[in-house]
Amino acid sequence: QVQLVESGGGLVQPGDSLTLSCTASERTFSNGSVGWFRQAPGQERKFVTALRWNGGKILVADSVEGRFTISTDNDKETVYLQMNNLKTEDTAVYYCAADLSRFGYRPTHFAYWGQGTQVTVSS
């Protein structure tokens with residue numbers, strides 16, 4: 001059973017930057033894809049960005065285009081979500097997700113999920 005663990009959340013001010021990290025219990029980050037989703041109180045879980053390992057294709061939600069970037073370290077053991085110019089509407093619990101074969105922007109495209117990390121953007 002693959003386990004994902006997110007870290008790096010916190011309280012920041014509008015305009016600040018924050019980097020989230022996601023590590024896996026097994027060597028998961030070499031096949032399939034990895035993604036980030038977020039869920040604000042009372043809302044459904046929404047797509048943020050995703051990376052397909054084979055070919056390096058990246059999908060990004062319009063709401064974070066140009067501000068958020070998904071990346072990985074050279075060993076593909078950690079996946080990052082770099083978030084710049086944060087806005088109050090970015091406040092949510094952020095989830096890392098992975099799948100060994102599928103790739104897409106829906107939660108159903110990912111079989112494995114982390115427990116989430118809270119990001120709060122407030123002045």
What percent do you get for the relative contact order of segment 1-81 when only Cα pairs under 8 Å and 6+ apart count?
27 percent
Cross-link reach list, lysines versus K87, counting only Cα pairs under 17 Å and skipping chain neighbours closer than eight places:
K46
Summing +1 per Lys or Arg and -1 per Asp or Glu among the other residues with Cβ less than 14 Å from I70's Cβ gives +2
Can you tell which of L81, S101, L51 lies farthest toward the positive end of the dipole of segment 26-123, using +1 and -1 charges on the Cβ of basic and acidic side chains (Lys, Arg; Asp, Glu)?
S101
Protection-proxy order for peptides 78-89, 51-62, each taking the mean of Cβ atoms within 10 Å per residue, highest first:
78-89, 51-62
J(HN,Hα) series, segment 49-58, from Karplus relation 6.51 cos²θ - 1.76 cosθ + 1.60, nearest Hz, glycine and proline x:
6, 8, 10, 9, 5, 7, x, x, 5, 10
Evaluated at q = 0.14, 0.16 Å⁻¹: base-10 log I(q)/I(0), Debye formula over Cα of the chain:
-0.52, -0.68
If I compute solvent accessible area with a 1.4 Å probe over the protein chains, what percent of it on the chain is carbon and sulfur?
43 percent
With a 1.4 Å probe and all protein chains left in place, how much accessible area per residue does segment 21-123 have, in Å²?
51 Å²
Can you list the residues, at least 5 places off or on another chain, whose amide H is less than 5 Å from the amide H of T72, using H built in the peptide plane?
Y80
Neighbourhood net charge (12 Å Cβ-Cβ; Lys/Arg +1, Asp/Glu -1) for Q13
-1
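The values are calculated or read from the model by the stated rules, or taken from the named source; none is laboratory data. Being a predicted model, the structure only gives us computed values, none of them experimental. When we count neighbours, we look across all protein chains shown, and the Cβ atoms used for this are built from the backbone with ideal geometry, even at glycine. Just so you know, the surface numbers come from the protein's heavy atoms only, side chains and all, with ligands and any DNA or RNA stripped out. Shrake-Rupley method; radii C 1.70, N 1.55, O 1.52, S 1.80 Å.
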